[in-house]
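Chemist: I'd like to ask you about the structure that follows.
The values are calculated or read from the model by the stated rules, or taken from the named source; none is laboratory data. None of these values were measured; they are calculated from a predicted model. Note: ideal-geometry Cβ built from the backbone for every residue, glycine included; neighbour counts use all protein chains shown. Note: accessible area is taken over every heavy atom of the protein model, side chains too, but ligands, DNA and RNA are not part of it. Shrake-Rupley method; radii C 1.70, N 1.55, O 1.52, S 1.80 Å.
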Amino acid sequence: NAGVTQTPKFRILKIGQSMTLQCTQDMNHNYMYWYRQDPGMGLKLIYYSVGAGITDKGEVPNGYNVSRSTTEDFPLRLELAAPSQTSVYFCASSSLRDGYTFGSGTRLTVV
Amino acid sequence: GQQVMQIPQYQHVQEGEDFTTYCNSSTTLSNIQWYKQRPGGHPVFLIQLVKSGEVKKQKRLTFQFGEAKKNSSLHITATQTTDVGTYFCAHGSSNTGKLIFGQGTTLQVKP
């Protein structure tokens, strides 16, 4: 099992550009999450999904969008990138029986 | 929402010394999870506690959930350099699985 796979691992964006962070899991988990982690800080929830077709906002959703068309995939869309979105983005999934399984992260820099 | 406060923010110890990080909430928590994040890595699930007064051990790691379910601790006995990283506590929603993370405690171990 690959677990949770995130792509790309690194990306540099110019202000105003858009991009999609990909996340896929092969554990058949219904629950998926996007977090951001700023340097030396904890993790803040951006969006989450409790199943295909269902998404909801977390603590810091502004500037982001998500979709969940399948159980496996939960992409995060950044529109009009801003320097404040420079961060490490983690995708995670869960069955609720155990803790989260995290992907290895996407390190995004907006310049 | 329920917040979890974690102390200390940083801890430097000599290899072989013990280490403890504390997680506190002003409200009763239904559960508490603990994660470890190595430098440059992603959070890895360690354990979940759900019962009042619960104590669980994983080799040199001891996890406790307070009697009032408002606090938790992680104690590492005789630290090793492999213990270096940031330890996060997190409280999870039982129906959505959303995790609210503490700020983390970063452990440095001097060999």
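Chemist: Here is a list of conditions, (1) within 18 Å of B:LYS98 (Cβ to Cβ); (2) free of Cβ contacts under 8 Å to residues at least 40 places away in the same chain, and B:SER25 meets all of them except one; can you say which number that is?
Modeler: (2)
Chemist: Within region A:77-94, can one find any residue that is part of a strand (DSSP E or B), open to solvent by 70 Å² or more (accessible area, probe 1.4 Å) and touching a residue at least 24 places away in the same chain (Cβ under 8 Å)? Please lay out each step first, then the result.
Modeler: To start, the set of residues in region A:77-94 that are part of a strand (DSSP E or B) comprises A:77-78, A:87-94.
Restricting the remaining residues to those that are open to solvent by 70 Å² or more (accessible area, probe 1.4 Å) gives A:77.
From what's left, touching a residue at least 24 places away in the same chain (Cβ under 8 Å): A:77.
Yes, because at least one residue in region A:77-94 is part of a strand (DSSP E or B), open to solvent by 70 Å² or more (accessible area, probe 1.4 Å) and touching a residue at least 24 places away in the same chain (Cβ under 8 Å).
Here is a yes/no grid of residues against (1) more than 11 Å from the chain's Cα centre (by Cα); (2) among the basic types (Lys, Arg); (3) open to solvent by less than 20 Å² (accessible area, probe 1.4 Å); (4) more than 14 Å from every other protein chain (Cβ to nearest Cβ):
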| residue | (1), (2), (3), (4) |
| --- | --- |
| B:LYS69 | yes, yes, no, yes |
| B:VAL84 | yes, no, no, yes |
| B:CYS89 | no, no, yes, no |
| B:ASN95 | yes, no, no, no |
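Chemist: May I pose another question? From the residues in region A:43-58 that are within 11 Å of chain B (Cβ to nearest Cβ) and not aliphatic (A, V, I, L, M), which one is nearest to A:ARG107 (Cα to Cα)?
Modeler: A:LYS44
Chemist: Further question on the same structure: Collect the residues in region A:26-58 that are under 18 Å from B:PHE101 (Cα atoms), touching a residue at least 24 places away in the same chain (Cβ under 8 Å) and of a type in the set (D, E, K, R), keeping them in residue-number order.
Modeler: Passing the criteria: A:ARG36, A:ASP38.
Chemist: Mind listing whichever residues of region B:72-82 are closer than 27 Å to A:SER95 by Cβ and either more than 10 Å from the chain's Cα centre (by Cα) or surrounded by fewer than 21 Cβ atoms within 10 Å (Cβ to Cβ) (or both)?
Modeler: Pass one, region B:72-82, residues closer than 27 Å to A:SER95 by Cβ: B:72-74.
Correct list: B:SER73 only.
Chemist: If you check A:ARG107, A:ARG77, which single one turns out to be of a type outside the set (A, V, I, L, M, F, W, C), within 26 Å of A:ASP26 (Cβ to Cβ) and more than 14 Å from chain B (Cβ to nearest Cβ)? It would help to see each step written out before you state the result.
Modeler: Values: A:ARG107 fails: more than 14 Å from chain B (Cβ to nearest Cβ).
Result of the check over A:ARG107, A:ARG77: A:ARG77.
Chemist: A further question follows. Out of the residues in region A:1-25 meeting the condition of being open to solvent by 80 Å² or more (accessible area, probe 1.4 Å), touching a residue at least 60 places away in the same chain (Cβ under 8 Å) and assigned to a strand (DSSP E or B), tell me which one is nearest to B:PRO39 (Cα to Cα).
Modeler: Looking at the filtered set, the residue picked out is A:PHE10.
Chemist: Right, something else. May I ask you to verify whether B:LEU99 is hydrophobic (A, V, I, L, M, F, W, C), over 23 Å from A:LYS57 (Cα atoms) and out of contact with any helix residue (DSSP H, G or I) (no Cβ under 6 Å at 6 or more places or on another chain)?
Modeler: no
Chemist: For residues in region A:59-75 being assigned to a loop (DSSP other than H, G, I, E, B) and free of Cβ contacts under 8 Å to residues at least 24 places away in the same chain, which is nearest to A:LYS44 (Cα to Cα)?
Modeler: Going through region A:59-75, the residues assigned to a loop (DSSP other than H, G, I, E, B) turn out to be A:59-63, A:67-72, A:74-75.
If we keep only those that are free of Cβ contacts under 8 Å to residues at least 24 places away in the same chain too, we end up with A:59, A:61-63, A:67, A:69-70.
Working: A:GLU59: 6, A:PRO61: 10, A:ASN62: 12, A:GLY63: 14, A:SER67: 19, A:SER69: 23, A:THR70: 24 Å.
Checking each candidate, the answer is A:GLU59.
Chemist: A further question follows. If you check A:THR70 against the conditions, is it more than 14 Å from every other protein chain (Cβ to nearest Cβ), under 21 Å from A:ASN30 (Cβ atoms) and open to solvent by 10 Å² or more (accessible area, probe 1.4 Å)?
Modeler: Numbers: more than 14 Å from every other protein chain (Cβ to nearest Cβ): yes; under 21 Å from A:ASN30 (Cβ atoms): yes; open to solvent by 10 Å² or more (accessible area, probe 1.4 Å): yes.
Here the answer is yes, as A:THR70 does meet what is asked.
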